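The values are calculated or read from the model by the stated rules, or taken from the named source; none is laboratory data. This is a predicted model, so every value here is computed, not measured. Every residue, glycine as well, gets a Cβ built from its backbone with ideal geometry; the counts of neighbours run over all protein chains shown.
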Amino acid sequence: MAKFDFFTTPDPEKKGRKKFIAKVVSNGEMDIEEIARLAAHYTRANRGVILMAWDTILERILEALKEGKRVHLDGLGYLTITATSQLMDKPDEIRAESVHYKGVHFRADKSCNRSLRTTRFERTHARHSVKTDSSKVVDFLRTHFQTNEYITRKELVYACTLSPTSANRILKQLVEEDFLKHPGARNSAFYFRGEKLKAEQASLL
């Protein structure tokens, strides 16, 4: 059963009233190791062979995507890569070297959508919809940076049970307060210790 909670959303009527919308929240993670273990259990196949087969399949999928092919995973959906470039005044100003990979687009199969429409939902007991106290996040970061050089948004979302929106808000606040540094591009996922956090850790040595 999938978990959901309510999150604030912009008021389309612009009347300043809070609006809430239900969104799915993380209920754990299944990686290829777990998939291989389950596949081995139900098919009696060798788990190691399944993992080796997956490595080969993944290589072929990535090669196909790099060639601009659309990859169809039967029963799941289609994968295609997307690209981006700088804004140009004229099409003939765009050169191949100015075009860069942007991401992967996924479109679900009709059969996949039909199957997932039967999903049942229950509200999570964790209070995602309540504004998270950034001090709790700082407490987590103090421990995290004892053994890590950086943290990503995704890691913070899972570690502190945050919505992506809350994680972005808290990260922005901590950068402004110099607990974290966010060098590089604006959409970079990597955050490093800020001067305040460095000073705190140095005082404990």
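Can you find even one residue in segment 60-73 that is out of contact with any strand residue (DSSP E or B) (no Cβ under 8 Å at 6 or more places or on another chain) and among the small types (Gly, Ala, Ser)?
Checked segment 60-73: no residue is out of contact with any strand residue (DSSP E or B) (no Cβ under 8 Å at 6 or more places or on another chain) and among the small types (Gly, Ala, Ser).
Among the residues of segment 117-130, is there at least one that is modelled with pLDDT under 85, assigned to a strand (DSSP E or B) and surrounded by 11 or more Cβ atoms within 10 Å (Cβ to Cβ)?
no
Report yes if some residue within segment 154-174 is among the aromatic types (Phe, Trp, Tyr) and either surrounded by 13 or more Cβ atoms within 10 Å (Cβ to Cβ) or at pLDDT below 85 (or both); otherwise report no.
The answer is yes, given that some residue of segment 154-174 is among the aromatic types (Phe, Trp, Tyr) and either surrounded by 13 or more Cβ atoms within 10 Å (Cβ to Cβ) or at pLDDT below 85 (or both).
How many of the residues making up segment 21-64 are part of a strand (DSSP E or B) and modelled with pLDDT of 95 or more?
0
So that you can scan it fast, the table gives a plain yes or no per residue for (1) in contact with a Lys or Arg (Cβ under 9 Å, 6 or more places away or on another chain); (2) farther than 24 Å from Phe20 by Cβ; (3) of a type in the set (S, T, N, Q):
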site	(1), (2), (3)
Arg142	no, yes, no
Glu155	no, yes, no
Asn168	yes, no, yes
Asp178	yes, yes, no
His182	yes, yes, no
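In the list Ile170, Ile151, which residue meets the criterion of being part of a helix (DSSP H, G or I) and without any contact (Cβ under 8 Å) to a residue 60 or more places away in the chain?
Being part of a helix (DSSP H, G or I) and without any contact (Cβ under 8 Å) to a residue 60 or more places away in the chain holds for just one of Ile170, Ile151, which is Ile170.
Which one of these does Lys69 not meet: (1) outside any helix (DSSP H, G or I); (2) within 26 Å of the chain's Cα centre (by Cα); (3) surrounded by fewer than 13 Cβ atoms within 10 Å (Cβ to Cβ); (4) without any contact (Cβ under 8 Å) to a residue 24 or more places away in the chain?
Answer for Lys69: the failing condition is (3).
Only one residue in Ala96, Ala83 is loosely packed, with under 10 Cβ neighbours inside 10 Å, of a type in the set (A, V, I, L, M, F, W, C) and farther than 21 Å from Ile32 by Cα, so which one is that?
Ala96
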